Each structure stands twice: as structure tokens, then as C-alpha cells.
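Chemist: Next up is a structure, given as C-alpha cells.
Each reported figure results from applying straightforward, stated rules to the coordinates on display, with no laboratory input. The structure presented is a predicted model; accordingly, all values stated were derived computationally and were not measured. Positions of Cβ are backbone-derived with ideal geometry, glycine not excepted, and every protein chain shown enters the neighbour counts.
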Amino acid sequence: MSDDAVAQLRALCLAFPSAHEVQTWGHPTFRVGDKMFAACGAGEEGVVSMSCKCTRDLQPDLLTRPGYFRPAYVGDKGWLGITLDGTVPWAEVAENLDRAWRLSAPKRISRGWPPPG
């Protein structure tokens, strides 16, 4: 895995209030409380990827774009996969992480976080 991509993902995820990292399945996962909102992984040829919570209504449109994919095991639950090879700009990755964090965070925490945009 690219250490730079993992470091960038880690920095984005841990910037959210109450976010923390847990090693699971040999890869970093990111949680708010006990709820996972993002997970890091590696695909074929060591390309770093991540998966994050998404809404089921938004997922189909995003899956048509380059760099997005339906992750195994959780894709049918609305999760979204993103390759971290530069195909998807980091600003767009950050928007997806913001959404994922908001879907997982308790309202008492997410209410105080600035709105996206």
C-alpha cells in the first residue's frame, strides 16, 4: 500500500470530531464511537482503496464514475469504494468521508460540525 495515500486518508478521517482509528482485518478503519464510517484496503497490484458509508440513493450515480466501485460484503448495504490512486481528487474523497462520518456520528456530535461546502 502507498504510505502517502494511507497517511492522507488517515489525516482526513481523524480530523472529524470523535473519530479514531482501529486496525481491523490488517488495515486501518475509522470510527466515530463504535460505528465505522471508513476503511482502508488494498486492491490488485497494491493500489490503495477505501470504502465508506454512503446513501443508497447516491451510490448508483457515484458508481458510474471512474475510481469508484462497489466494495465486497458492504456494497449492497450502501457503502462506496474509492481507489486512492489519484483518479478521484482528494477534495472529492473528503466530501465522501464527510458524508460517511455524518451518517455514523451521533447527532449531539454532528450538529456542531460545520456543514459541507
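Chemist: Which residue is farthest from G33 (Cα to Cα), if the candidates are limited to region 75-93 and must be surrounded by 17 or more Cβ atoms within 10 Å (Cβ to Cβ) and either in contact with a helix residue (DSSP H, G or I) (Cβ under 9 Å, 6 or more places away or on another chain) or among the hydrophobic types (A, V, I, L, M, F, W, C) (or both)?
Modeler: Ranking the candidates gives V88 first.
Chemist: Which of the residues spanning region 6-65 are surrounded by fewer than 19 Cβ atoms within 10 Å (Cβ to Cβ), touching a Ser or Thr at 6+ places or on another chain (Cβ under 8 Å) and of a type in the set (K, R)?
Modeler: Matches in region 6-65: K35 only.
Chemist: Taking the criterion of being in contact (Cβ under 8 Å) with a residue 60 or more places away in the chain, outside any loop (DSSP other than H, G, I, E, B) and under 12 Å from the mean Cα position of the chain (by Cα), would at least one residue in region 76-92 satisfy it?
Modeler: yes
Chemist: Of everything in region 1-42 that's touching a residue at least 40 places away in the same chain (Cβ under 8 Å) and of a type in the set (D, E, K, R), which residue is nearest to K107 (Cα to Cα)?
Modeler: K35
Chemist: Do we have any residue at all in region 55-66 that's outside any loop (DSSP other than H, G, I, E, B), touching a Phe, Trp or Tyr at 6+ places or on another chain (Cβ under 6 Å) and either among the β-branched types (V, I, T) or within 15 Å of L12 (Cβ to Cβ) (or both)?
Modeler: Among the residues of region 55-66, not one is outside any loop (DSSP other than H, G, I, E, B), touching a Phe, Trp or Tyr at 6+ places or on another chain (Cβ under 6 Å) and either among the β-branched types (V, I, T) or within 15 Å of L12 (Cβ to Cβ) (or both), which makes the answer no.
Chemist: Filter region 75-117 down to the residues that are within 22 Å of A5 (Cα to Cα) and aliphatic (A, V, I, L, M) and list them by number.
Modeler: Within region 75-117, L80, I82, L84, V88, A91, V93, A94, L97, A100 qualify.
Chemist: Return yes or no: is A100 part of a strand (DSSP E or B), touching a strand residue (DSSP E or B) at 6+ places or on another chain (Cβ under 6 Å), of a type outside the set (D, E, K, R) and touching a residue at least 40 places away in the same chain (Cβ under 8 Å)?
Modeler: No.
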